[in-house]
Amino acid sequence: VFGSDYPTPDGTAIRDYIHVWDLGQAHVLALAHLRKGGASEFINLGTGHGHSVLEVIETAEKVTGRTIPTQKEGRRAGDPARLVAVSEKARRVLGWEPRLGDLETIIRTAWDWKSAHPEGYPVLPAGPRPRAELTRLEDPD
């Protein structure tokens, strides 16, 4: 844990965490925006609220049922106490909003995937890959 003396409720840095499904959905919407002739733009993605490093650790321990060993270190140079995205432009331009934004869901789905795939994705042989057409992501519900 880099820094435990920030001006935050528990002293650790606060960051905005986003579910990979929401991130993928935003990219699909961005591609559709470009295909319709929309301008290429910088767009922030996030939930608009943050969680501290200790909140993430505590939630991960709750979800996994395991203790996560931690070690506190000094702050890293340049790290802000709080860094949270403002995603209004994503809502306005892409019609995107995070749907899986609560921390427990983010961690639980990652843990469930890793538990079902302990070796990760299989290693593919070298060589050309077929192009996949991205049209939409399946709704997680």
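The values are calculated or read from the model by the stated rules, or taken from the named source; none is laboratory data. Bear in mind that the values here come from a model prediction, so they are computed numbers and not experimental data. Cβ atoms come from the backbone with ideal geometry, glycine included; neighbour counts cover every protein chain shown. Calculation scope for accessible area: heavy atoms of the full protein, side chains included, ligands and nucleic acids excluded. Shrake-Rupley method; radii C 1.70, N 1.55, O 1.52, S 1.80 Å.
Is it true that Lys62 is closer than 15 Å to Asp10 by Cα and open to solvent by 70 Å² or more (accessible area, probe 1.4 Å)?
Criteria not met by Lys62.
What tally of residues in the stretch 65-99 results from selecting those that are closer than 20 Å to Asp10 by Cβ and out of contact with any Pro (no Cβ under 8 Å at 6 or more places or on another chain)?
15
Starting from residues that are among the β-branched types (Val, Ile, Thr) and in a helix (DSSP H, G or I), keep the ones in the stretch 1-35 and report whichever is surrounded by the fewest Cβ atoms within 10 Å (Cβ to Cβ). Quick ask: steps written out before the conclusion?
Taking the stretch 1-35 as the starting set, the residues that turn out to be among the β-branched types (Val, Ile, Thr) are 1, 8, 12, 14, 18, 20, 28.
Pick out the ones that are also in a helix (DSSP H, G or I) and you get 20, 28.
Values: Val20: 12, Val28: 15.
Residue satisfying both the conditions and the ranking: Val20.
Tell me yes or no: at least one residue of the stretch 87-96 is open to solvent by 40 Å² or more (accessible area, probe 1.4 Å), farther than 30 Å from Gly3 by Cβ and basic (Lys, Arg).
yes
What is the one condition in (1) touching a residue at least 40 places away in the same chain (Cβ under 8 Å); (2) loosely packed, with under 15 Cβ neighbours inside 10 Å; (3) hydrophobic (A, V, I, L, M, F, W, C) that Phe42 does not satisfy?
(1)
Can you find, within the stretch 66-85, the residue that is least open to solvent (accessible area, probe 1.4 Å) among those that are in a loop (DSSP other than H, G, I, E, B) and within 22 Å of Val20 (Cβ to Cβ)?
First, pick out the residues of the stretch 66-85 that are in a loop (DSSP other than H, G, I, E, B): 66-72, 74-81, 84-85.
In the following step, the residues that additionally are within 22 Å of Val20 (Cβ to Cβ) were identified as 66, 68, 84-85.
Working: Arg66: 147, Ile68: 61, Val84: 40, Ala85: 24 Å².
The selected residue is Ala85.
Could you give me the residue pairs with C-beta distances under 7 Å whose first residue belongs to the stretch 4-28 and is under 24 Å from Pro80 (Cα atoms) and among the hydroxyl-bearing types (Ser, Thr, Tyr), whose second residue is open to solvent by 40 Å² or more (accessible area, probe 1.4 Å) and not in a helix (DSSP H, G or I) wherever it lies, and which are 6+ apart or on separate chains?
Ser4/Lys72; Thr8/Arg82; Thr12/Ser4
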